[in-house]
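Data first, discussion second: the structure below is written as structure tokens.
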Amino acid sequence: MDERYFSMRAQFFEREIERACTFKLQELEELWFCSRKNVKRILHQFEDRGKLMYLPGEGRGNSSRLLFSNDFQSEVEEVIKDCVQKGQLDATAHLLRLPIPKLWIMKASSDIREIFGYQSGNESKDILHGFIERDLTTLNPVNVSITFESHLIEYLGDTLVKYDVGEDRILPHLAHHFKVDDEQRRFTFYLRKGVLFHSHDKLTSRDVESTVSRIKDARGSASQWLADDIQEVECEGPYKVTIILRNPNPFFLRYIASPHFSILPASMIFNEYEWIGSGPFAIKERTTSKLVLEAFDHYFLERPLLDELHFYGVTKEAASIVNYNLDDSQPAQVKSKHAIESGFRFLLCNGKRDSIIKEHSFRKALYHLVDINEMGNDLGWGEWVEASSFVPSRSCRQEKRSEKIYPLLNESGYSGEAIQLYHLDYGKGIQTAEWLKMRGAQFGILFELHPFSYKDFYESNIDQMADVVLIGEVSSLDSHLSFLGAFKNDFLYFRKMFPIDSIEWIDKELEKFKKEDWPGREAIMERIEEHIRHKNLLIFLYHPIKKRTFHPMIKDVTFHSFSHINFSKLWIPH
């Protein structure tokens, strides 16, 4: 398959009229990342192969024309059929990354499913293929803040201890034993002997010391708050290490069970494209559009039952179709699991931006404006769980009264100025933002929509430009640590956008939180959520219902942290 030809046709498809279109050479320079001379050479090659006729524009600045020999849809369907017959997954994935019409993918979806999903590869390898509907962001444990990437790090690396959600307690992991002094300041870990990194170097206390230093030195990172209170690390031998805190913290063991504290080898400079950890999977290949993980045969615990995991980057539309996430009318042989996500979606108000959003009465108007049940019905979502809390178990129905909107807007002094609404550029994010714009217009509220990507989440200054942000928060298996991290992680928008007085009050509550038992922590979480609701710092929307579909031969499909599938436990009977 000629990737350049198909990327060009997809790029120009919307402007095609009877298999002809106009274009400028600069467009193909940018699309193909090559010089104008090479663009012309490639077009002439396509001409020689009978793919098209190239008519250069006459004179500087005039558009050129392309006359294509064949219908684009028939070419796409033919190539997909050929790729399926030859088992060419990379070529198929390339097509699915292109902005081609959804209907064409649907027509070929059954063929595509035959080569994606589970495959028994060469040498009797069990391989699972899946799709990523966006580019991967960072896999650096210090900075990671996106749930899927955090989930991947849990397979690439290991922590000293692990959190047991069933018992709400910390268990040994890389450390086979640990002890804590009476003051809750000295945490001593006894490391397992013979643990190997993917590089086959052996784990020692120096690797723990180096990992802690790496987090402490990463100022302004997502994980730096976890190491703020670490005073020093003592290596009392190759397999004994003590972490000493400045202040007592009974919650500290939970900190070092997070993926941020994945132990990395001290002898190697970290490279997230050649991730070296001690986890059950290692990176075999990583490009901008593909990630391959392979089971680590020398893993110190049980080896994964699958041999490889292949993830391909495709468009959101392609992922939803090929992964069977269209609706409930799925093929009978396809199995699925549903679960309420351990997180929620919300509309976050920017209490630090000098705009109408600082007025509490305006935020209350937004609260009554956003009726999630009306939204879900209008958008035909089918299933949703209304949120009034960070977790489903504490959520309940919220009273929304549209007759209060106009009086609250008048009280706030709102005079029709544009409200800058930023939202993630994906299916439900786009749907929800457009519904809010339509709903706001009914009451004279003008929303200007600004889509952003997951990459923008790390790199842009959205918190300085947005009045409100439509986004989500997802918990790991340790919901209490996730709640604490939501307000301590500098990358997340709570700390960036909540008013300073609210952040100061929440920080004081969270200091108490770290010293409490389970019921005490739950009570503090409820107080903080009540503070957020009372001040309408954010508008709770819904808890997503996750649908995971999979090949019927795949066994032991269970949900793991961040509501993702546990890859370590999957297996295929032969």
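The values are calculated or read from the model by the stated rules, or taken from the named source; none is laboratory data. Since the model is a prediction, treat every value here as computed from it, not as a measurement. Cβ placement follows ideal geometry from the backbone for every residue including glycine, while neighbour counts extend to all protein chains displayed.
What pairs come up if the first residue lies in segment 273-294 and is within 17 Å of Phe197 (Cα to Cα), the second is surrounded by fewer than 17 Cβ atoms within 10 Å (Cβ to Cβ), and their beta carbons are under 6 Å apart, counting only those six or more places apart or on different chains?
Once the first residue is within 17 Å of Phe197 (Cα to Cα) and sits in segment 273-294, its partners that are surrounded by fewer than 17 Cβ atoms within 10 Å (Cβ to Cβ) give Ile276/Ser199; Ile276/Met268; Glu294/Lys284.
Among the residues of segment 253-301, which ones are of a type in the set (Ser, Thr, Tyr) and more than 25 Å from Ser213 (Cβ to Cβ)?
Across segment 253-301, the qualifying residues are Thr287, Thr288, Ser289, Tyr299.
Give the residues of segment 471-500 that are at pLDDT 90 or above, within 15 Å of Lys352 (Cβ to Cβ) and aromatic (Phe, Trp, Tyr), sorted by residue number.
Of everything in segment 471-500, those that are at pLDDT 90 or above, within 15 Å of Lys352 (Cβ to Cβ) and aromatic (Phe, Trp, Tyr) turn out to be Phe487, Phe494, Phe498.
Here is a yes/no grid of residues against (1) of a type in the set (Ser, Thr, Tyr); (2) modelled with pLDDT under 80:
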| position | (1), (2) |
| --- | --- |
| Gly59 | no, yes |
| Leu67 | no, no |
| Val76 | no, no |
| Gly87 | no, yes |
| Thr92 | yes, yes |
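Could you tell me whether any residue of segment 429-438 is over 26 Å from the mean Cα position of the chain (by Cα) and assigned by TED's automatic domain parsing to the domain that holds Arg527?
yes
If Lys364 satisfies every condition in (1) buried (at least 18 other Cβ atoms within 10 Å of the Cβ); (2) within 28 Å of the chain's Cα centre (by Cα) but one, which is the exception?
(2)
Rundown of residues vs (1) outside any strand (DSSP E or B); (2) in the same structural domain as Glu530 (by TED's automatic domain parsing); (3) under 24 Å from Tyr454 (Cα atoms); (4) aromatic (Phe, Trp, Tyr), yes/no style:
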position: Phe362; (1), (2), (3), (4): yes, yes, no, yes
position: His368; (1), (2), (3), (4): yes, yes, no, no
position: Ser388; (1), (2), (3), (4): yes, yes, no, no
position: Glu399; (1), (2), (3), (4): yes, yes, no, no
position: Pro407; (1), (2), (3), (4): yes, yes, no, no
position: Ser415; (1), (2), (3), (4): yes, yes, no, no
position: Gln420; (1), (2), (3), (4): no, yes, yes, no
position: His423; (1), (2), (3), (4): no, yes, yes, no
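Scan segment 265-276 residue by residue and report those that are at pLDDT 95 or above and in contact with an Asp or Glu (Cβ under 7 Å, 6 or more places away or on another chain).
The answer is Pro265, Ala266.
Being under 30 Å from Met465 (Cα atoms), at pLDDT 95 or above and among the acidic types (Asp, Glu) narrows it down to one residue among Glu359, Glu317; which is it?
Selected residue: Glu359, the only one of Glu359, Glu317 that is under 30 Å from Met465 (Cα atoms), at pLDDT 95 or above and among the acidic types (Asp, Glu).
Filtering segment 147-175 down to residues that are surrounded by fewer than 14 Cβ atoms within 10 Å (Cβ to Cβ) and part of a strand (DSSP E or B), which residue is modelled with the highest pLDDT?
Result: Leu171.
Consider segment 290-306. How many of its residues are surrounded by fewer than 20 Cβ atoms within 10 Å (Cβ to Cβ) and assigned to a loop (DSSP other than H, G, I, E, B)?
Summing the residues that are surrounded by fewer than 20 Cβ atoms within 10 Å (Cβ to Cβ) and assigned to a loop (DSSP other than H, G, I, E, B) in segment 290-306 gives 8.
So which residues in segment 491-508 are in contact (Cβ under 8 Å) with a residue 24 or more places away in the chain and under 26 Å from Val165 (Cα atoms), if there are any at all?
Phe491, Leu492, Phe494, Ile506
Any idea which residue in segment 260-289 is nearest to Ala222 (Cα to Cα), counting only those that are under 19 Å from the mean Cα position of the chain (by Cα) and in a loop (DSSP other than H, G, I, E, B)?
Ser262
Can you report the number of residues in segment 429-465 which are touching a strand residue (DSSP E or B) at 6+ places or on another chain (Cβ under 7 Å) and not in a helix (DSSP H, G or I)?
9
Examine segment 252-273 for a residue that is crowded, with 17+ Cβ neighbours inside 10 Å, among the basic types (Lys, Arg) and not assigned by TED's automatic domain parsing to the domain that holds Leu477, and state whether such a residue exists.
Checked against the condition, which is being crowded, with 17+ Cβ neighbours inside 10 Å, among the basic types (Lys, Arg) and not assigned by TED's automatic domain parsing to the domain that holds Leu477, segment 252-273 yields at least one hit.
Would you tally the residues in segment 344-358 being free of Cβ contacts under 8 Å to residues at least 60 places away in the same chain and surrounded by 17 or more Cβ atoms within 10 Å (Cβ to Cβ)?
0
Being of a type in the set (A, V, I, L, M, F, W, C) and under 15 Å from Ser64 (Cα atoms) is the filter; apply it to segment 29-45 and report the residue that is surrounded by the fewest Cβ atoms within 10 Å (Cβ to Cβ).
That would be Ile42.
Here's a check for you: in segment 129-145, which residue that is at pLDDT below 80 and not aromatic (Phe, Trp, Tyr) is surrounded by the most Cβ atoms within 10 Å (Cβ to Cβ)?
Among residues in segment 129-145 that are at pLDDT below 80 and not aromatic (Phe, Trp, Tyr), the one surrounded by the most Cβ atoms within 10 Å (Cβ to Cβ) is His129.
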